[in-house]
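The values are calculated or read from the model by the stated rules, or taken from the named source; none is laboratory data. From a predicted model like this one, the values you see are computed outputs, not experimental measurements. Note: ideal-geometry Cβ built from the backbone for every residue, glycine included; neighbour counts use all protein chains shown. Note: accessible area is taken over every heavy atom of the protein model, side chains too, but ligands, DNA and RNA are not part of it. Shrake-Rupley method; radii C 1.70, N 1.55, O 1.52, S 1.80 Å.
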Amino acid sequence: MELTDSARDLAATMLGESLPRRWRHVQAVGRKAERVAAVLSEPDRDVLVASAWLHDVGYAPELAEVGFHPLDGARWLRAQGLPERVVCLVAHHTCAELEAQERGLAAELVAEFVREESATTDALWYCDATTGPDGQDFDVLDRLAEIRARYGPASLVTRFVDRAEPEIVAAVRRTEARLAGQPM
C-alpha cells in the first residue's frame, strides 16, 4: 500500500497541474488497476497499481529528455529509487518498444529496461488501452480508433498503433479472460 500511495502522490505532483487531461487519464487508469489487481497474485498487485499510476509520468514537461514518455518516465523513476520492476513496466507499457522503433529509440529502451511478459504486464496494458484521454472506459478497439482519429493517418503514433494493435488487443483479451475467470 505504501508503494501505491507514493506512486499516486508522485503522479499527482508531476501531472496534476501541468497536464490536467493527462492526469484525468492517469487517475482512471490507476483506479482501474486497483480493481483489476484482484486477478493477480498478492505480490503483483501493488506493482500493477503503482505502475498504472506512474505509466504516463514521462509526459511531465520537466522530465522530457528524449521526448518519448515511457523512456523519459522510466529513467526519472529509476533516479527516484522506485522499484526496478515498476520502472521496467512503465518503460515498456502498452507496446512501447514498437513506438520506440518508430522513433529510433528502441536500442536505448531495450538496453536500459527489461521487458516483462506476465499477467501483470497484460493487466497494465489492459488498464491503459481501455481508458480514454479523459478517463472514460473504452473497448480496446474503440480506444485504438480514438487514438488514430486524434493523431491522424500520417502520424508516427498512428503507424505505431497499426503495428501494435495485435499485441495490445491480445494482452487486453487475456486480461478480460482472467477477469471473467476463464482458464488461460
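Overview of values
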{"quantity": "Members of region 54-66 that are under 15 Å from His92 (Cα atoms) and either open to solvent by less than 10 Å² (accessible area, probe 1.4 Å) or part of a loop (DSSP other than H, G, I, E, B) (or both)", "calculated": "Leu54, His55, Asp56, Val57, Gly58"}
{"quantity": "Region 73-85: number of residues that are surrounded by fewer than 21 Cβ atoms within 10 Å (Cβ to Cβ) and either touching a Gly at 6+ places or on another chain (Cβ under 9 Å) or touching a residue at least 60 places away in the same chain (Cβ under 8 Å) (or both)", "calculated": "3"}
{"quantity": "Arg75 being within 19 Å of Thr130 (Cβ to Cβ) and basic (Lys, Arg)", "calculated": "no"}
{"quantity": "Region 117-134 - residue that is open to solvent by less than 10 Å² (accessible area, probe 1.4 Å) and in a loop (DSSP other than H, G, I, E, B) and, of those, farthest from Leu179 (Cα to Cα)", "calculated": "Gly132"}
{"quantity": "Check on Cys88, free of Cβ contacts under 8 Å to residues at least 40 places away in the same chain, under 16 Å from Ala50 (Cα atoms) and of a type in the set (A, V, I, L, M, F, W, C)", "calculated": "yes"}
{"quantity": "Residues located in region 86-114, provided they are closer than 13 Å to Trp125 by Cα and either loosely packed, with under 15 Cβ neighbours inside 10 Å or of a type in the set (Val, Ile, Thr) (or both)", "calculated": "Val90, Thr94"}
{"quantity": "Search result, residues across region 8-29 that are of a type in the set (Gly, Ala, Ser), assigned to a helix (DSSP H, G or I) and surrounded by fewer than 24 Cβ atoms within 10 Å (Cβ to Cβ)", "calculated": "Ala12, Ala28"}
{"quantity": "Failed condition for Ala154, given (1) out of contact with any helix residue (DSSP H, G or I) (no Cβ under 9 Å at 6 or more places or on another chain); (2) assigned to a helix (DSSP H, G or I); (3) surrounded by fewer than 13 Cβ atoms within 10 Å (Cβ to Cβ)", "calculated": "(2)"}
